[in-house]
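See below for the structure under consideration.
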Amino acid sequence: MNAAADNQDLQELYRELILDHARKPRNFGRLDAATHSAEGINPLCGDKLRLYLRIDSNDRIAGVSFEGSGCAISLASASLLTEAVSNLPVADADACFSTVTRRLTRQPENPAATTTANLSKLKALDGVRDHPSRIKCATLAWHALHAALHQQSQATTE
């Protein structure tokens, strides 16, 4: 098999992962006893979500969920986010925000933003880099995470 065929297979796998998370989002719904939350709004396409976090006394994310509506990329990204940051220390989750948003917007990585999170599934979102109008859809939940961690009530992609 050649490299082009391998790349095609990988792209198909990522498309399937995005569709699976969009159709059956993980951790969807209001989180009881949330200690932090933020609303994310993408005014250009109408994506809206609310991210809920429960941060425990050890400064770890003990619970995470979201609710809202939007395009498949927005919902899949929020679903993937909830899996990636669950049980992480707050500092690691904040580093995830930096890593993911920089990667999707093709900015250089920030070496100070280190995390123990496994972000391998998030490579499925890399395809949006080729569609600039979709980058805001993919980063919306991550901006909401950053806002919630910093006790801001609202995040926007603008």
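For the stretch 115-125, the count of residues that are more than 15 Å from Leu149 (Cα to Cα) and at pLDDT 95 or above is zero.
Here are some conditions: (1) touching a strand residue (DSSP E or B) at 6+ places or on another chain (Cβ under 7 Å); (2) touching a residue at least 12 places away in the same chain (Cβ under 8 Å). Asp56 meets all but one. Which one does it not meet? Going through (1) touching a strand residue (DSSP E or B) at 6+ places or on another chain (Cβ under 7 Å); (2) touching a residue at least 12 places away in the same chain (Cβ under 8 Å) one by one, Asp56 breaks only (2). Can you find a residue that is of a type in the set (Val, Ile, Thr) and either touching an Asp or Glu at 6+ places or on another chain (Cβ under 6 Å) or part of a helix (DSSP H, G or I) (or both) anywhere in the stretch 14-29? Yes, the stretch 14-29 contains at least one residue that is of a type in the set (Val, Ile, Thr) and either touching an Asp or Glu at 6+ places or on another chain (Cβ under 6 Å) or part of a helix (DSSP H, G or I) (or both). The residues on offer are Gly40, Gly63, Gly70, and the sole one that is touching a residue at least 12 places away in the same chain (Cβ under 8 Å), touching a helix residue (DSSP H, G or I) at 6+ places or on another chain (Cβ under 8 Å), surrounded by 14 or more Cβ atoms within 10 Å (Cβ to Cβ) and more than 22 Å from Tyr14 (Cα to Cα) is Gly40. Among the residues of the stretch 19-65, those that are of a type in the set (A, V, I, L, M, F, W, C) and in contact with a Gly (Cβ under 8 Å, 6 or more places away or on another chain) comprise Leu31, Ala33, Ala34, Cys45, Leu49, Leu51, Leu53.
Taking the stretch 132-158 as the search range and keeping residues that are at pLDDT 85 or above, outside any helix (DSSP H, G or I) and not polar (S, T, N, Q), which one is farthest from Gly68 (Cα to Cα)?
From the stretch 132-158, those at pLDDT 85 or above are 132-155; that's our starting set.
This time we only want the ones that are outside any helix (DSSP H, G or I), so: 150-155.
Narrowing the set further to residues that are not polar (S, T, N, Q) leaves 150, 155.
On the way: His150: 21, Ala155: 14 Å.
Looking at the filtered set, the residue picked out is His150.
Working only within the stretch 30-59, note down all residues that are out of contact with any Phe, Trp or Tyr (no Cβ under 8 Å at 6 or more places or on another chain) and not in a strand (DSSP E or B). Of everything in the stretch 30-59, those that are out of contact with any Phe, Trp or Tyr (no Cβ under 8 Å at 6 or more places or on another chain) and not in a strand (DSSP E or B) turn out to be Asp32, Ala33, Thr35, Pro43, Leu44, Cys45, Gly46, Asp56, Ser57, Asn58, Asp59.
Residues in the stretch 72-93 that are in a helix (DSSP H, G or I) and either among the aliphatic types (A, V, I, L, M) or more than 12 Å from Trp142 (Cβ to Cβ) (or both): 15 in all.
The values are calculated or read from the model by the stated rules, or taken from the named source; none is laboratory data. The structure displayed is predicted, hence computed values, not measured ones. Using ideal geometry, Cβ is built from the backbone for each residue, glycine included, and neighbour counts are taken over all protein chains shown.
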